[in-house]
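Some notes on the structure that comes next.
The values are calculated or read from the model by the stated rules, or taken from the named source; none is laboratory data. Just so you know, these numbers come straight off a predicted model, no measurement behind them. Because the Cβ atoms are built from the backbone with ideal geometry, glycine has one as well, and the counts that use them run over all protein chains shown.
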Amino acid sequence: MYNMVDVYISERILTPDKSMDKVWERPDLLIDVPNHYCPGCSHSVVHRLLMEVVEELDIMERTIGIAPVGCSVLAYDYLNVDMQEAAHGRATACASGIKRVFPDKIVFTYQGDGDLAAIGTSETIHTVNRGENIVMVFINNGIYGMTGGQMAPTTLEGAKTSTCPEGRNLDLMGHPIKIADMIALLDGAYYVTRQAVHNSKTVRKTKKALLKAFQYQIDGKGGTSFVEIVSNCPSGWKMTPLEANDWLAKNMFEYYPLGNIKIPQKEE
Ligand SMILES: Cc1ncc(C[n+]2csc(CCOP(=O)(O)OP(=O)(O)O)c2C)c(N)n1
Ligand SMILES: [Mg+2]
């Protein structure tokens, strides 16, 4: 089985004559321990990008991350910055409190779709509406990965999960929620973008988006930065990692198109 990180590395370090040209190494802030993510899972790629960004911006001493409930509940075991665990859905409420008490800290939440767009919908909307100067990283894998693959608010029409084994039926279960588009309408949203990490091109774009989001917070720009990352869940989707990435590209981007949804006015 492939691991997303291996795919990414192999694309970059195998030169045509198969000699090794090392251009990548683990960021120091990504703790060198085996992680619990399934092979091919997007979470580990995004963890790495986050720590690269924190390292490059030289903010490791003042960064505080909030871990959610979901597959990334153990993020604090892998990210070597100060971390706080939040109750399910409450990460942005925690982040708001921490940022207000320590305005010089750089605060981010890291949340899945069940956490951010289901149980935490209220916290999500009101945090952005207040324009809290934090970064929200949103992993939209269209499923509750941790608990065995139940339908999430973002599950696509027709997609099969353990709670909609016949496929999501819109009449019965409502529409997949485009939470990033919703919060972009709020005046407190400063930067809202939707990215992905299923190949090396999108990985690079996501890193740029994360760099921007953190830089806005460092510069004290007014408002919340929100980076959605359309992600996979090979285990929950019952696919191999490569099948999952194919399925994601063929199905998810039509409903969740990649690109910026709201950018600061001077950059328009
Ligand atoms: C108050 C509460 N309700 C429900 C749960 C069960 N639960 C744990 S994780 C989770 C969903 C996680 O899905 P998501 O946020 O999409 O993260 P993923 O695992 O897909 O990365 C649920 C419903 C819980 N832990 N606490
Ligand atoms: Mg999920």
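Restricting TYR76, TYR37, TYR8 to residues that are at pLDDT 95 or above, away from ligand 2 (no atom under 16 Å from the Cβ), hydroxyl-bearing (Ser, Thr, Tyr) and on the phi < 0 side of the Ramachandran plot narrows the list to TYR76. Between ILE106, ILE139, the distinction of being under 15 Å from PHE214 (Cβ atoms) and either more than 13 Å from ligand 1 (Cβ to nearest atom) or not small (Gly, Ala, Ser) (or both) belongs to ILE106 only.
Of these, LYS178, LYS212, LYS205, which one is of a type in the set (D, E, K, R) and within 16 Å of ligand 1 (Cβ to nearest atom)?
LYS178
Looking at the range 101-117, can you tell me whether even one residue there is surrounded by fewer than 24 Cβ atoms within 10 Å (Cβ to Cβ), under 17 Å from TRP247 (Cβ atoms) and charged (D, E, K, R)? Scanning the range 101-117 turns up no residue that is surrounded by fewer than 24 Cβ atoms within 10 Å (Cβ to Cβ), under 17 Å from TRP247 (Cβ atoms) and charged (D, E, K, R).
Just one of the numbered conditions (1) buried (at least 24 other Cβ atoms within 10 Å of the Cβ); (2) within 16 Å of ligand 1 (Cβ to nearest atom); (3) closer than 13 Å to ILE179 by Cα is not true of VAL128; which one? It is condition (2) that VAL128 fails. On inspection, ALA93 does not qualify as free of Cβ contacts under 8 Å to residues at least 40 places away in the same chain and under 26 Å from HIS198 (Cα atoms).
The residue that is nearest to ALA67 (Cα to Cα), counting only those in the range 108-135 that are in contact (Cβ under 8 Å) with a residue 40 or more places away in the chain and near ligand 2 (Cβ under 10 Å from one of its atoms), is GLN111.
Restricting GLY236, GLY223 to residues that are farther than 21 Å from TYR144 by Cβ and either away from ligand 2 (no atom under 16 Å from the Cβ) or buried (at least 16 other Cβ atoms within 10 Å of the Cβ) (or both) narrows the list to GLY223.
Within the range 164-181, the residues that satisfy the criterion of being within 15 Å of ASN140 (Cβ to Cβ) and surrounded by fewer than 17 Cβ atoms within 10 Å (Cβ to Cβ) are HIS175, ASP181. Evaluation of GLY259 against the conditions (1) buried (at least 16 other Cβ atoms within 10 Å of the Cβ); (2) closer than 20 Å to VAL45 by Cα shows that the sole unmet condition is (1). Is it true that ALA159 is in contact with a Phe, Trp or Tyr (Cβ under 9 Å, 6 or more places away or on another chain), aliphatic (A, V, I, L, M), surrounded by 15 or more Cβ atoms within 10 Å (Cβ to Cβ) and more than 24 Å from VAL192 (Cα to Cα)? Yes; evaluated as a whole, the condition is true for this residue. Within the range 46-82, restricting attention to residues that are outside any helix (DSSP H, G or I) and away from ligand 1 (no atom under 16 Å from the Cβ), the residue that is surrounded by the fewest Cβ atoms within 10 Å (Cβ to Cβ) is ASP58. In summary, SER122 fulfils each of the numbered conditions (1) of a type in the set (Ser, Thr, Tyr); (2) part of a helix (DSSP H, G or I); (3) within 12 Å of ligand 1 (Cβ to nearest atom) with the single exception of condition (3).
In the set (1) touching a strand residue (DSSP E or B) at 6+ places or on another chain (Cβ under 6 Å); (2) in contact (Cβ under 8 Å) with a residue 24 or more places away in the chain; (3) more than 10 Å from ligand 1 (Cβ to nearest atom), the condition left unmet by GLU85 is number (2). Between PHE138, PHE214, the distinction of being touching a residue at least 24 places away in the same chain (Cβ under 8 Å), closer than 21 Å to PRO68 by Cβ and in a helix (DSSP H, G or I) belongs to PHE214 only.
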